[in-house]
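A quick write-up on the structure given underneath.
The values are calculated or read from the model by the stated rules, or taken from the named source; none is laboratory data. Keep in mind the model is a prediction, meaning the values are calculated, not measured. Here the Cβ is made from the backbone with ideal geometry for all residues, glycine too, and neighbour counts use every protein chain on show. In case anyone asks, the SASA skips ligands and DNA or RNA and just uses the protein heavy atoms, side chains included. Shrake-Rupley method; radii C 1.70, N 1.55, O 1.52, S 1.80 Å.
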Amino acid sequence: MTTTIETSPATSTPQLFQVAASGDWQGRLRTDIETRGFTFTVAEPEGLGGDDTGPNPLEYVLGGFQGCIAVVVEVVARERGITLTDLRTHVSGTIDLRGFGGVHGVSPSFLAVEGSVRLFADIDEPTFDALVAEVERRCPLYNLFRDAGVTPDIRWSLNV
């Protein structure tokens, strides 16, 4: 099954798209997830009582964020006639484990998300700056973090 999403920035009619996944708890802090015929495991390390058979939920969020940035970079570059030769991302997030441990008044969510995006393309700085601004404006997960009060601190670089 191929999904093609065609959007027009000028349309005023909402174009809603729903994503879904199902989880099958396995015990020992592990859940197997299925979505669109793909499966993956979410688990905690042994040090936290898990079976360490997959990334933990926070690692998946950060991985998904990097994938989201890469998708939006590629889409915006294509729209603008920019040929990418390489794209490298790295992201880390900081949490206060006291929140996960139940300490009242301490958030269990990310306190900070930071990283880098290294883009390689034959473009000038103004074109690069415009691309970055558009990616940050349109990336769903960048905006999810920002709307939650944790604006990602991403260092963008061109051809270095």
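Just the number, please: carbon plus sulfur as a percent of the accessible area of the chain, 1.4 Å probe, no ligands or DNA/RNA counted.
54 percent
For mean projected area of the Cα convex hull in nm², the listed values are (1) 17.0; (2) 9.7; (3) 12.4; which was obtained by calculation from the structure presented?
(3)
Could you give the DSSP H helices of the chain that reach 15 angstrom or more along their long axis (alpha carbon positions) and whose average Kyte-Doolittle hydropathy is no lower than 0.0?
Helices passing the filter in the chain: 57-79.
Using only helices, what value at 222 nm comes out for the chain when you add -39,500 (n - 2.57) per DSSP H run of length 4 or more and divide by the total residues, to the nearest 500 deg cm²/dmol?
Only helices count here, giving -9500 deg cm²/dmol.
So what is the accessible area of region 14-160 per residue, in Å², with the probe set to 1.4 Å?
Result: 64 Å² per residue.
Please give the FRET efficiency for R98 paired with R36, using the beta carbon to beta carbon distance and R0 = 45 Å, rounded to the nearest 0.05.
Efficiency, rounded to the nearest 0.05: 0.80.
Give the residue from V91, T11, G49 lying farthest towards the positive end of the charge dipole for region 2-146; charges sit on Cβ (+1 for Lys and Arg, -1 for Asp and Glu) and the dipole is referred to the Cα centre.
Final value for the positive-end residue is T11.
Quick one: if you stick a label point 7 Å off each Cα along the C-beta vector at R155 and R138, how many nm between them?
2.7 nm
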